[in-house]
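Working notes, beginning with the structure itself.
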Amino acid sequence: MPTKQKSLDFEKSLEKLEAIVDAMENGDLELEQSLKQFEEGIKLIRTCQTSLKTAEQKIQILTEKESA
């Protein structure tokens with residue numbers, strides 16, 4: 001069931017990203033912590049983008065099969 005795992009990874013990554021954004025917006029972090037969290041956020045964004053791109057490609061393949 002790799003699809004469920006990828007979905008969970010996406011959901012977990014998105015939750016972590018939201019927590020990072022909240023902490024940074026609230027000013028709860030010192031500069032060094034903010035930089036580390038920013039770096040982690042970039043990694044999480046890339047993970048989410050990859051998951052979304054994969055899902056988009058699967059949808060495109062499925063819809064092309066339906067059209068044929």
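A short reminder: the numbers here are calculations on the coordinates, not readings from a lab. Everything quoted here is computed from the prediction, not taken from an experiment. Heads up, the Cβs are rebuilt from the backbone with ideal geometry, glycines too, and the neighbour counts pull from every protein chain shown.
Using only DSSP helix segments of four residues or longer, with each worth -39500 (n - 2.57), what per-residue ellipticity at 222 nm results for the chain after dividing by its residue count and rounding to 500?
Values: 2 runs with 62 residues, N = 68.
After summing the helix terms and dividing by the residues of the chain, the value is -33000 deg cm²/dmol.
Among I59, I42, I20, whose Cα projects farthest towards the positive end of the dipole of segment 14-68, with charges put on the beta-carbon of Lys, Arg (+1) and Asp, Glu (-1)?
I59
Any idea what angle helix 2-26 forms with the longest principal axis of the chain, computed on alpha-carbon atoms, 0 to 90 degrees, nearest 10?
Its long axis makes an angle of about 30 degrees.
So, R0 is 25 Å and r is the distance between the beta-carbons of S34 and D9; what FRET efficiency does that work out to, to 0.05? Present the calculation step by step, with values, prior to reporting the outcome.
Values: r = 25 Å, r/R0 = 0.99.
Here the calculated transfer efficiency is 0.50.
Using Cα atoms only, what is the angle between the long axis of helix 31-67 and the major principal axis of the chain, expressed in degrees (0 to 90) to the nearest 10?
10
For the chain, what class follows from the C-alpha gyration tensor (a ≥ b ≥ c being the square roots of its eigenvalues): rounded when a/c is under 1.5, otherwise prolate if a/b is larger than b/c, else oblate?
Working: a/c = 3.83, a/b = 3.12, b/c = 1.23.
It comes out prolate by the Cα gyration axes.
Taking the Cβ of K36 as the center, what net charge do the other residues with Cβ under 14 Å away carry, scoring Lys and Arg +1 and Asp and Glu -1?
-3
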